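A short reminder: the numbers here are calculations on the coordinates, not readings from a lab. Please read these numbers as outputs of a predicted model, since none were measured by experiment. Because the Cβ atoms are built from the backbone with ideal geometry, glycine has one as well, and the counts that use them run over all protein chains shown.
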Amino acid sequence: MQLRTIARSQTAWIAAGAATVGLLAAGYASPAAGQETVKSPATVSAASMKSDPKDSAASVTTVAGVPISPTATSTTRTTAASDPQAVQATSNLCGSGYYLQYAEQLPDERRWGTLFTYQKNVAPFNSCAIFDNNLGTTKYMKLKLCPNDLSKPCSVDEGNFSQYAGPVRVTDGLCAKVTAIMKNSTTSTTALINRQFYVPPCN
């Protein structure tokens, strides 16, 4: 994660600002208006960050106090264990009651961005997604989350962000469709990241 200052529109987060827990100084600001203020770092216990290379990925059930979904992939567990601060920060953005369902480094191990999706493990399986900017510079980013019920609208956040896009939320989030795009600018013809998939597990 990068230590950076965010530039967001004044209108994007007014409603969400009061409800969101303060984020880590390791790269996140509270999503209040403009996201200008970096909060003091939350405490991450040594026990929660401790990893044993002998342990299999399947044994990872919590990271930095954030519960991992029982159906999360081994890649998700490994990605989460490699960056507990990011897991804790993005979980705080989504709010309480969520399990980490999916995490992926994008576009690959170079990790220019990281996509996190969280889900509540009770019907209607509300989902929340965050697209983390790991480059430390402002990029055009778009994050879109669509419910599995095609009659319901998608949730979208896009703009020029130095920290993250999101959070975006939907109900009926089981097998939700996610689109994550990062470009150098809005007018760039080539994407640094262009990822679209259905959040596993999905038949």
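Quick check: pseudo-label points 7 Å beyond the Cα along Cα→Cβ at SER74 and THR171, how many nm apart are they?
Distance between label points: 3.8 nm.
How far apart, in nm, are two points set 7 Å out from the Cα along the Cα-to-Cβ line at THR189 and at THR61?
5.3
Along the Cα→Cβ direction, 7 angstrom out, place labels at VAL122 and GLU109. What is the inter-label distance in nm?
Label-label distance for VAL122 and GLU109, simple model: 4.1 nm.
Amide H of TRP112 versus every other amide H placed in the peptide plane: which residues, excluding those fewer than 5 positions away on the same chain, fall under 5 Å?
The answer is LEU106.
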